[in-house]
Amino acid sequence: MEFTDPNFIAIATVVAAFIAATVAAATLISAKESKVSEFRQDWIDEQRKDLATAIAATLAYFNADAAKERSTFMKEFFEARMRIELREKPTDHEWTRVRVAVNCLGNMMLHGKLDMHKVRQAERIIICNSRPVLKQHWETAKNGERFYKGIKWAFLVGVGALVALGVLLAIFQPISRHSDDAPGISVKITRPG
């Protein structure tokens, strides 16, 4: 098959279009994965900040003397608590113990009955149960979402298969033995006489 053969031109056009579409899809998937990881990282940062605010506001409320100070710390606590609640799905159980502990702190503040032992216990529950979940989400953000990792592997396998197919076609392409098909100078030998 020569470069001017209509079959070669058709095949080359289809292959070039496929390669262009594959590169465009890979770019789109990469951009989407990057954005999802960015959102996940923001979620992790905000969750960590709100959990810290809830604990710090409770401890500050516990140590505050004036009613105005207590009111400020209570407001900070409940704002953080609401953000935590709104961020999580009610059916998602990975944050259940943390949310129960945060609600326990809120109930103590609302009733004005702060028991430092219970506050410390809730603090430990929040910290010990949020660390592994935040770490898991961080690992997902760092390594990529499962769906996108699968797409990347499929893309790499597809590109590898195309390269292998191209190499095999180039190696096993039948070589034309006709002198009319061979490029270069043709020599005609004649005998004298």
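Within region 49-95, the residues that satisfy the criterion of being hydroxyl-bearing (Ser, Thr, Tyr) and touching a helix residue (DSSP H, G or I) at 6+ places or on another chain (Cβ under 7 Å) are Thr53, Thr58, Tyr61. Per this entry, Thr91 is not counted among residues that are without any contact (Cβ under 8 Å) to a residue 12 or more places away in the chain, open to solvent by 60 Å² or more (accessible area, probe 1.4 Å) and either over 24 Å from Arg131 (Cα atoms) or among the aromatic types (Phe, Trp, Tyr) (or both).
Only residues that are under 26 Å from Ala141 (Cα atoms) and out of contact with any Ser or Thr (no Cβ under 9 Å at 6 or more places or on another chain) were counted across region 27-69, and they come to 24. Just one of the listed residues (Thr96, Thr91) is part of a helix (DSSP H, G or I) and either in contact with a Ser or Thr (Cβ under 7 Å, 6 or more places away or on another chain) or not basic (Lys, Arg) (or both), namely Thr96.
Within region 69-82, if we keep just the residues that are crowded, with 16+ Cβ neighbours inside 10 Å and among the basic types (Lys, Arg), the residue that is nearest to Asn129 (Cα to Cα) turns out to be Arg81.
Can you pull out every residue in region 107-124 that is part of a helix (DSSP H, G or I) and surrounded by fewer than 17 Cβ atoms within 10 Å (Cβ to Cβ)? Scanning region 107-124 gives Asn107, Leu110, His111, Met116, His117, Lys118, Arg120, Gln121, Arg124.
Among residues of region 129-153 being open to solvent by less than 90 Å² (accessible area, probe 1.4 Å) and at pLDDT 80 or above, the one that is nearest to the chain's Cα centre (by Cα) is Thr140. Residue pairs whose Cβ atoms lie under 6 Å apart, separated by 6 or more positions or on different chains, with the first residue in region 101-124 and under 11 Å from Met74 (Cβ atoms) and the second basic (Lys, Arg) and part of a helix (DSSP H, G or I), are Gly106/Arg81.
Of the residues examined, Ala17 is not one that is assigned to a helix (DSSP H, G or I), open to solvent by less than 80 Å² (accessible area, probe 1.4 Å) and under 27 Å from His137 (Cβ atoms). Among all residues of region 47-66, there is none that is among the β-branched types (Val, Ile, Thr), part of a helix (DSSP H, G or I), open to solvent by less than 70 Å² (accessible area, probe 1.4 Å) and farther than 30 Å from Lys113 by Cβ.
The values are calculated or read from the model by the stated rules, or taken from the named source; none is laboratory data. What you are looking at is a predicted structure, and each value in this text was computed from that prediction instead of being measured. In this analysis, Cβ positions are derived from the backbone assuming ideal geometry, glycine residues included, and neighbour counts consider all displayed protein chains. These area figures cover heavy atoms from the full protein model, side chains too; ligands, DNA and RNA do not enter into them. Shrake-Rupley method; radii C 1.70, N 1.55, O 1.52, S 1.80 Å.
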